[in-house]
1. Evaluate the following for residue 187: is it buried (at least 20 other Cβ atoms within 10 Å of the Cβ) and in contact with a helix residue (DSSP H, G or I) (Cβ under 7 Å, 6 or more places away or on another chain)?
2. Return the only residue of 153, 212 being free of Cβ contacts under 8 Å to residues at least 12 places away in the same chain and surrounded by 13 or more Cβ atoms within 10 Å (Cβ to Cβ).
3. Sort out for me the strands (runs of 3 or more DSSP E) sitting completely within the range 91-174 that have 2 or more residues that are in contact with a helix residue (DSSP H, G or I) (Cβ under 8 Å, 6 or more places away or on another chain) and over 23 Å from residue 257 (Cβ atoms).
4. I'd like to know if the range 177-193 contains one or more residues that are part of a strand (DSSP E or B), over 24 Å from residue 124 (Cα atoms), within 12 Å of the ligand (Cβ to nearest atom) and modelled with pLDDT of 95 or more.
5. Within the group 174, 210, 251, which residue is in contact with a strand residue (DSSP E or B) (Cβ under 6 Å, 6 or more places away or on another chain) and near the ligand (Cβ under 10 Å from one of its atoms)?
6. Within the range 25-32, can one find any residue that is in contact with a strand residue (DSSP E or B) (Cβ under 7 Å, 6 or more places away or on another chain) and at pLDDT below 95?
7. Please pick out the residue among 119, 142, 138 that is modelled with pLDDT under 95 and within 18 Å of residue 253 (Cα to Cα).
8. How many residues are touching a strand residue (DSSP E or B) at 6+ places or on another chain (Cβ under 6 Å) and loosely packed, with under 10 Cβ neighbours inside 10 Å if we restrict to the range 6-24?
Ligand code: ADP
């Protein structure tokens, strides 16, 4: 508990008294702390690739430039790190828009099966490379739904890309869509990958929270994918949940409400 105390001295009829006003500022303090942590995280996340780039540039200057093969490798590292910084800044901008409610959703009528098949298509190269099978399963009556296609695509891309990142070769991903009650669409992305330890589950949607920082970085992750997914789903009036069993796999499901006129099946 954080308490702010304000003292006021009062003089009245020759005597003096003091009034103490106690104010509960716990909420404010928590917010300030979250903000400080966020700024520290962003700085650190940007500093790491910048330091790497700097050291590779120095190595080039110190002679690696004379060795074309080595130089090529170093330039490659610098480019990868730059691309990650761009992804990070893009993710941060998107989060800041979603936070400030500036993000206006432009919803269009969307065929769910088609949308899910297109996600799988976008990842077909990566899936093939890692020999991961993908299955799409859409229940009857799912029909069309109004949603912001670009944004929901981003949610799906983040979830599928996580499923690929954290599933060993030869794994399996299943995307399922079904109706919950008549008025809600539920989409889930399930993998049989490395899973998440129970102790991390409650924090997994926090910005920059990762189970294994090194693994996430190696895979090109920014640590913001799930937070962005949650904000987008919330903006649509839905909710997102993650279930996971260590060594067994992970399932992330989110809901999207149908508009009233769509809800009647
Ligand atoms: P990142 O860019 O690190 O993947 P996310 O916000 O998308 O960031 O995810 C946060 C963390 O949650 C990841 O670093 C990883 O530890 C864990 N995670 C997310 N999805 C999965 C999954 N499908 N299987 C296992 N771990 C996952």
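1. The answer is no for residue 187.
2. 212
3. 133-138
4. no
5. 251
6. Yes - at least one qualifying residue is present in the range 25-32.
7. Within the list 119, 142, 138, the selection yields 142.
8. Final tally of qualifying residues: 11.
The values are calculated or read from the model by the stated rules, or taken from the named source; none is laboratory data. Because the structure is a prediction, the values reported are computed rather than measured. No Cβ is skipped: glycine too gets one built from the backbone with ideal geometry, and neighbour counts run over all protein chains shown.
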